[in-house]
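The values are calculated or read from the model by the stated rules, or taken from the named source; none is laboratory data. Please read all numbers here as calculations on a predicted model, not as lab measurements. Ideal geometry is used to build each Cβ from the backbone, glycine not excepted, and the neighbour counts take in all protein chains shown.
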Amino acid sequence: MSWLIFALVFWIGAWALNAFLANSAWRTSLAVRVLIPVLFGVTLIVLWEGIVRGFGVSPVILPAPSTVAQTFVASTDILWEDFQQTVLKGALSGFVIGGLAAFAAAILIDRSAFLTRGLLPIGNFVAALPIVGIAPILVSWFGFDWHSKAAVVVVMVFFPILVNTVQGLRETDAMQRDLMRTYAASYFDTLLKLRLPAALPFVFNGLKIATTLALIGAIVAEYFGSPTRGMGFRISTGVGSLSIDLVWAEIAVSAMAGTAFYGLVAWFEKRVTFWHPSHRGH
Amino acid sequence: MRNLVPILTVLAAIVALWYAAVAPMNIRGALDVAERAGSDVVPAESRARFEQSIWRLMADNSEHIALGYSLDRPRLPTPVQVGAELWKTTGEMALRGRALSKRSLIYHGWITLQSTLWGFALGTVLGMAGAIAIVYSRVVNMSLMPWAIISQTVPIVALAPMIIVLSSQVGIEGRTVPKAIISAYLCYFPVLVGMVKGLRSPGAAQLDLLRTYSASGLQAFLKLRLPASMPYLFTSLKIGIAAALVGTIVGELPTGAISGLGARILIGDQFGTPLAIWAALFAAAILAGILVTLLDLMQRATLRRMGVQA
C-alpha cells in the first residue's frame with residue numbers, strides 16, 4: 001500500500017514541479033526543456049513500479065521496471081547478440097540498401113516527367129499499404145538468417161524514401177532553375193548544386209519514417225522463422241515460456257535502438273539542412 | 001485524369017516485370033513437376049539441380065519454363081493466379097451465399113476492418129484530445145510532445161505480443177481489443193501532429209479579432225481554431241487509417257490469431273500455401289485503398305461545404 005501512496009505522491013509532486021517549471025522564467029532554457037519530459041518519463045516508471053508493487057501484480061503478467069532492469073543487466077550478452085542480429089545485420093543493412101536503391105530510382109524517375117506523374121500516386125498508395133505482410137513470403141525466399149530480414153526492410157523502406165525524394169526533387173521553382181540555366185549549368189550541375197540540396201528536407205523526412213519501419217520489418221520477419229537469436233525470436237519465445245522480464249528487456253532494447261536510430265538521422269538532418277527555415281533561429 | 005495514362009503505363013510495366021520474374025523464380029518448382037510427369041529434365045536429379053543457377057536451368061530446360069506459370073504452390077504466383085484466388089475466396093463464395101464462411105476473405109476482412117475502425121476511433125479521439133491539451137497547456141506541450149515522438153520510434157511489433165498477453169490475463173475476451181490498442185498506438189500520432197498544426201494555424205490577428213468581439217475561450221475554439229484545423233485533420237486522418245490497418249495486421253501476425261487478414265497470411269505461411277498469402281495481401285491492399293478513398297471523399301465534401309478552396 002505504501003508503494004501506491006508513494007507513487008501517487010511522486011506523481012502529484014512531479015506534475016506540480018513540471019507546471020511550475022513550464023510557467024517559470026527559465027522555461028526557454030535547454031536544461032528545463034530537457035528536464036520536463038525526463039521528469040514526465042520518470043513519473044510514468046515510478047507509477048508503473050508503484051502499481052505493480054502496490055497491487056502485487058504477478059511478474060508473469062507485468063514485471064516491475066526494477067525487475068526488468070535487473071534482467072537487463074544480468075543478460076546483456078544475450079541482448080547484445082540479439083541486437084547485432086536484428087538491428088545491425090537485419091534492419092541497418094536493409095535500411096542502407098533500400099535507401100540507396102530508392103534514392104537512385106528517384107533520380108532516374110525524376111528525369112521523365114511522364115514517369116513521375118505515373119509513379120507518384122502509385123508510390124504514395126503502396127507506401128500506405130501494410131507491407132509487413134510480405135514478411136513470410138520473403139522469409140521463404142531468402143531463408144531464415146538475416147538476409148530475409150534485410151529483404152523485408154528493403155521493401156518496407158523503399159517506397160516512403162522514393163516518394164519523398166521524388167517530391168523533394170520537384171521542390172525548386174522555375175526562377176531558380178532559370179538562374180542555373182543562365183549560368184549555363186549542365187543537368188548534373190543543377191542536380192548537385194540546386195535540386196538535391198533543395199530536396200534534402202524531403203529526403204530526410206522519408207528517412208525518418210523509414211527508421212521506424214526498418215525496425216518493425218526486421219522484428220516481424222523474425223516471427224516467421226529465424227536462427228535461435230534475434231529480438232523478434234526472443235520476444236516470441238519469451239512470451240511462450242513466460243520469461244516476461246526478458247521480453248520487456250528486449251522491448252527496452254528495441255525502444256532505445258529505435259530512438260537512437262531516429263535521433264541519429266534527425267541529428268544528421270540538422271547538420272546537413274541547417275539552412276532550412278525549420279532549423280533556423282534556435 | 002491527367003495522370004491516368006502515366007499511372008496505367010507504370011502499372012503495365014510493373015505487371016510485365018512481375019510476369020518476367022515468374023519464370024526464373026519458379027523454374028525449380030516447374031522442373032520438379034516436369035520430372036514427376038516423366039519428362040526429360042537437365043540435370044535429371046533434384047539434388048544436382050539445386051546446385052545449378054536458375055539461369056543455367058532456364059537455358060537448359062527452356063521447354064519447361066511455361067510450367068512455372070501454373071504451379072499449385074509457386075514461389076511467385078502470376079497476377080492472374082492471385083486474382084483467381086482472390087475471386088475464389090471472395091466473389092465466388094458470396095455468389096454461393098457463403099460470404100461469411102470462415103474460408104472467405106470477406107469474413108476475415110470484416111474481422112480486420114472491425115479492429116481497424118475501433119483502433120482508428122480510439123486513436124483519433126486520443127490524438128485530438130492530446131492535441132487540444134498540447135495547444136492549450138504549456139506543461140502538457142513540454143512534457144508530452146517529446147514522448148509522443150519517442151513513442152513512434154519504439155517498434156510497436158515488439159510490444160504487440162505483450163499487449164495481447166496482458167489483455168488476456170486481465171480477462172479481456174477475444175482479440176479485438178488488443179488489436180485495436182495496437183492500431184490506436186500507430187494511428188494517434190499523425191492525428192496528434194496534424195491537429196496541433198491545425199489548431200495553431202489561425203494567426204494572431206484572427207485570434208485578436210475574436211477577442212475584440214469578447215468571445216470566450218470556448219467560442220474561439222469552436223468558431224475559429226476547430227474549423228481552421230479541418231484541412232489538417234483530414235490529411236492526417238488519411239495517414240491515420242492506413243496506419244491503423246497496418247497496426248491491426250501486425251497485431252494479427254505474430255501470435256497465433258485465427259481470424260483476420262493477418263491471420264490468413266500466418267496460416268498460409270504455416271500450411272505452405274503461397275496463393276493464400278498473396279490473396280490476403282491483396283485483400284489488405286484493397287481494404288486500405290477503399291478506406292483511404294472514403295476518407296478522401298469525406299474530406300472533399302466537408303471542405304467544399306465549409307467553403308475551403310481545395
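Looking at the range B:13-31, which of its residues are facing chain A (nearest Cβ under 10 Å) and under 30 Å from A:Ser112 (Cα atoms)? The answer is B:Ala13, B:Ile14.
Counting only helices (runs of 4 or more DSSP H) that sit wholly inside the range A:178-282, those with at least 3 residues that are crowded, with 18+ Cβ neighbours inside 10 Å, of a type outside the set (A, V, I, L, M) and within 14 Å of chain B (Cβ to nearest Cβ) are A:196-223, A:231-240, A:244-272. Listed by position, the helices (runs of 4 or more DSSP H) inside the range B:216-310 whose residues that are among the acidic types (Asp, Glu) and more than 10 Å from every other protein chain (Cβ to nearest Cβ) number at least 1 are B:274-306.
Among the residues making up the range A:132-150, those that are more than 7 Å from chain B (Cβ to nearest Cβ), in contact (Cβ under 8 Å) with a residue 60 or more places away in the chain and either not polar (S, T, N, Q) or not in a helix (DSSP H, G or I) (or both) are A:Ala135, A:Leu138, A:Val139, A:Phe144, A:Asp145, A:Trp146, A:Lys149, A:Ala150. Within the range B:212-258, being closer than 23 Å to B:Met306 by Cβ and either crowded, with 22+ Cβ neighbours inside 10 Å or among the charged types (D, E, K, R) (or both) holds for B:Lys223, B:Arg225, B:Ser229, B:Leu233, B:Ser236, B:Leu237, B:Lys238, B:Gly240, B:Ile241. Residues of the range A:86-106 that are surrounded by 16 or more Cβ atoms within 10 Å (Cβ to Cβ), away from chain B (no Cβ under 14 Å) and not small (Gly, Ala, Ser): A:Lys89, A:Ile97, A:Phe103.
For (1) at pLDDT 90 or above; (2) over 16 Å from A:Ala91 (Cβ atoms); (3) of a type in the set (S, T, N, Q); (4) touching a Lys or Arg at 6+ places or on another chain (Cβ under 8 Å), each residue gets a yes or a no:
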position: A:Thr190; (1), (2), (3), (4): no, yes, yes, yes
position: A:Pro197; (1), (2), (3), (4): no, yes, no, no
position: A:Lys208; (1), (2), (3), (4): no, no, no, no
position: A:Ala218; (1), (2), (3), (4): no, no, no, yes
position: A:Thr228; (1), (2), (3), (4): no, yes, yes, no
position: A:Ile244; (1), (2), (3), (4): no, yes, no, no
position: A:Ala252; (1), (2), (3), (4): no, yes, no, no
position: A:Tyr262; (1), (2), (3), (4): no, no, no, yes
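Restricting the range B:189-222 to residues that are among the aromatic types (Phe, Trp, Tyr) and at pLDDT below 90, the residue that is farthest from B:Met162 (Cα to Cα) is B:Phe221. The set of residues in the range A:36-95 that are among the polar types (S, T, N, Q), closer than 18 Å to A:Ala218 by Cα and touching a Leu at 6+ places or on another chain (Cβ under 7 Å) is empty. Condition check for B:Val80 on (1) touching a residue at least 12 places away in the same chain (Cβ under 8 Å); (2) hydrophobic (A, V, I, L, M, F, W, C); (3) within 30 Å of A:Ile122 (Cα to Cα): one failure, at (1).
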